[in-house]
Amino acid sequence: MKKYIVGFTVAIIGAVLFLINFAYSPELLATDTNYPNYYQEKAIHSRDGIGKFYLGREIAQVMGHQAMMWLERPSREIQEQPLAVVNALDLKPTDIVADIGAGTGYFSFRIASLVPKGKVLAVDIQPEMLDVIEGLKKQKQVTNIETVLGEVDNPHLLKNSIDLVLMVDAYHEFAYPREMMEKIFSSLKIGGRVILVEYRRENPLIMIKALHKMTQKQVKKEMKAVGLKWINTQDFLPQQHVMSFTKPD
Ligand SMILES: C[S@@+](CC[C@H](N)C(=O)[O-])C[C@H]1O[C@@H](n2cnc3c(N)ncnc32)[C@H](O)[C@@H]1O
């Protein structure tokens, strides 16, 4: 009896692994020319993900604008130390900064005062988020933030125009990370930087959903794929990596 139970369990585990790993159909994706083969789709996947995988990582669902108050929670000051982050960016007053996946502008506003002769382009795909930023701009009388409505595969930035791209808790939910990063790469000036702030996936004790965290190894792999060069990883935050990359000559 015991050996039947063991056999049955092995068969079930085998079937689940089969569905997870082999549900991807390259032929299906290859027939759609708008959908290059950077990605895999799997029928069985995390309920926090979109079932689409890039370089071995499942892409997380986008945080809807309905949850925007979560981005403005007071505990974030302690948990994510936004002022320490923006000070670590080492900005020049004339810098042009793109805050991609800007949400309510939590970081855009903190950066704006550091680039008085430059500007912040606050990019998001949800117009509701950009409406909040526009409202706050008026309220706070900030004139050097411009909102940009992006698309899932295009941040709509001019080529060779950006000194620094910042993505805080956002990159892991880009549905087209490869297309986004290729366009971000071409929007950077030579020597321009990309900074990603992501919760550390190496640490299972960090109480954030797995798909909303990223390992250093994975981030490096995805940035290298578009030609960005890793500069350093700073771990001064309690729970997040601050990873810097540059566009080489
Ligand atoms: C978790 S929120 C973080 C917002 C902000 N960076 C912060 O730290 O407060 C992620 C944001 O990324 C945006 N987003 C997702 N995919 C995007 C894309 N392809 N391009 C631009 N923004 C995107 C979402 O709409 C959402 O507002």
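Just a few scattered comments:
- Using a probe of 1.4 angstrom and keeping all protein chains present, the accessible surface of segment 149-249 works out to 44 square angstrom per residue.
- Antiparallel bridges, percent of DSSP beta bridges restricted to the chain (to nearest 5): 50 percent
- Using Cβ point charges alone (K and R +1, D and E -1), the dipole size of the chain about the Cα centre works out to roughly 700 debye.
- Split the accessible area of segment 127-180 by element, probe 1.4 Å, and carbon with sulfur accounts for 48%.
- Residues whose amide H comes within less than 5 Å of that of residue 121, counting only those at least five positions distant or on another chain, are 97, 98, 99, 146 (H built at 1.01 Å from N in the peptide plane).
- Rounded, prolate or oblate (a/c below 1.5 giving rounded, otherwise prolate when a/b exceeds b/c) for the chain by Cα gyration tensor: prolate
- Our estimate of slack between residue 47 and residue 234, defined as 0.36 nm per intervening residue step minus the Cα-Cα distance, is 64.3 nm.
The values are calculated or read from the model by the stated rules, or taken from the named source; none is laboratory data. No experiment lies behind these values; they were computed from the predicted model shown. Cβ atoms come from the backbone with ideal geometry, glycine included; neighbour counts cover every protein chain shown. Keep in mind that these areas ignore ligands, DNA and RNA; they rest on the heavy atoms of the full protein, side chains included. Shrake-Rupley method; radii C 1.70, N 1.55, O 1.52, S 1.80 Å.
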